[in-house]
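See below for the structure under consideration.
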Amino acid sequence: MEKKEFWMNLREEDLTKETKTLIFSLPSEKEYLGGNLCKYQGSWYYYNFLQGVLNVQRGFQPQDTDVIVASFPKCGTLWLKALTVALLERSKNRSSEDQHPLLFNNPHNLVPVLEMNLYRDTPKPDLRKLLSSSPRLFSTHMPYHTLQEALKDSPCKVVYICRDAKDSLVSRWHIICRCLNKEEDRSILESMFESFCSAVCLFGPFWDHILSYWKASLENPKRIMFMRYDEVNADTRGQLKKLAEFLGCPFSEEEVNNGAVDEILEMCSLPNLSSLEVNKTGRSINGIDYKNHFRKGIVGDWKNYLTPEMGNKIDMIMEEKLKDSGLKF
């Protein structure tokens, strides 16, 4: 797969004149794969992703019941999407039933990314055809202050999941290597590491992204839920119950006794999701094979790929950037 295909055919000629003018005024950098990044409202975007961000901010009409799954890329996004779908779907389909949507579609398609999928090419996508359910489910990789501008003070709920920076970096490296048909290319990992440390990376800086949602969750915990991947991994049952309560669909005692929680946990486990036919053979609208989204999902797997020196440097950066925030890794 060519780099241009992997990054969704970055065609600058498709940008609006207004966006081109804006990009010209913004800080810009080349990233490790050779793509052009520009910095808008404190975060770095590919040009056509910026077009999507602008379209979301200007054209998205949130409904009060909308649910938005937010994250920095490769921080447990797919898992959280699956859990959210299963929770909200259970009034219509138990996880054990044959017509459950997770059996026939990938979580990334069921919960599309606002700026990368729905609004990338137009400020007025047809959401009726794509999202007929209520509540509507969306996802985003935008930081909270950028997303907030699009929400227009809507009371819709946002669920954010974060992950240890080192595991996130290694996970992103693996999917990039897979999409480029390169087997664990160390040069790419080293370039990604340098980009991370210099704060010039897609949707980054990583620490600013996390802090934007962390602070928002402290200010408005009824609307923004902050989740940590390591906690979901260690206590999936407990975190699932908390998520259900936040979304306004708590498990009843009868559901718990009838095994509804266990069914969702089994349905949404990474081994089960990766074994489904749709996730072994399907491909997203971005041209990425679904199977490339699945790997180990192990906490601490970074130790098998990053040197101790690389790990220590990331830890020192994160400790400094998160200082006095109350958030630690």
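The values are calculated or read from the model by the stated rules, or taken from the named source; none is laboratory data. Quick caveat, the model's predicted, so the values are computed rather than measured. Cβ atoms come from the backbone with ideal geometry, glycine included; neighbour counts cover every protein chain shown. Quick note on the areas: whole protein, heavy atoms, side chains included, nothing else; ligands and nucleic acids left out. Shrake-Rupley method; radii C 1.70, N 1.55, O 1.52, S 1.80 Å.
Within the listed set Phe24, Phe196, Phe246, the residue fluctuating most in the Gaussian network model of the chain (springs between alpha-carbon atoms under 10 angstrom) is Phe24. Net charge within 14 Å of Glu115 by Cβ-Cβ distance, Lys/Arg positive one each and Asp/Glu negative one each, not counting Glu115 itself? Net of charged neighbours comes to 0. Ordering of 217-227, 116-126 by packing is 116-126, 217-227, highest average first (other Cβ atoms within 10 Å, averaged per residue). When the expected Rg is taken as 2.2 N^0.38 Å, what fraction or multiple of it is the alpha-carbon Rg of the chain? My calculation over the Cα atoms of the chain gives 0.96.
Take every DSSP beta bridge whose two residues both sit in region 27-322; close to 35 percent of them are antiparallel. By the rule of a C-alpha distance below 14 Å, with chain neighbours fewer than 8 residues away ignored, the aspartates and glutamates paired with Lys328 are Asp164, Asp208, Asp230, Glu231, Asp315, Glu319, Glu320.
With respect to the cross-link table entries Lys81/Lys321; Lys74/Lys182; Lys20/Lys152; Lys39/Lys323, which display a Cα-Cα separation exceeding 21 Å? The partial results should precede the final answer.
Values: Lys81/Lys321 28 Å; Lys74/Lys182 18 Å; Lys20/Lys152 25 Å; Lys39/Lys323 24 Å.
Beyond 21 Å: Lys81/Lys321; Lys20/Lys152; Lys39/Lys323.
Computed from phi, the 3J(HN,Hα) profile of region 213-229 under the Karplus parametrisation 6.51, -1.76, 1.60 (θ = phi - 60°) reads 7, 4, 5, 5, 5, 6, 6, 9, x, 7, 10, 10, 9, 9, 10, 10, 4 Hz, with x in place of Gly and Pro. Cross-link candidates for Lys215: which aspartates and glutamates have Cα within less than 15 Å, leaving aside residues fewer than 8 places away along the same chain? Candidates past the 8-residue exclusion: Asp324. With θ taken as phi - 60° and the Karplus curve 6.51 cos²θ - 1.76 cosθ + 1.60 applied, the whole-hertz 3J(HN,Hα) list for region 36-42 is 8, 10, 10, 9, 10, 6, x Hz, x standing for glycine and proline. Considering helices alone, the calculated mean residue ellipticity of the chain at 222 nm is -13000 deg cm²/dmol, with DSSP H runs of length four and up weighted by -39500 (n - 2.57) and normalised per residue. In the full protein context, the chain carries 47 Å² of accessible surface per residue, based on a 1.4 Å probe and ignoring ligands, DNA and RNA. Counting charges near Glu319 (Lys, Arg +1; Asp, Glu -1) among other residues having Cβ under 12 Å from its Cβ returns a value of +1. The aspartates and glutamates within cross-link reach of Lys222, meaning a Cα-to-Cα straight distance under 17 Å and a gap of 8 or more places when in the same chain, are Asp64, Asp66, Asp153, Glu245.
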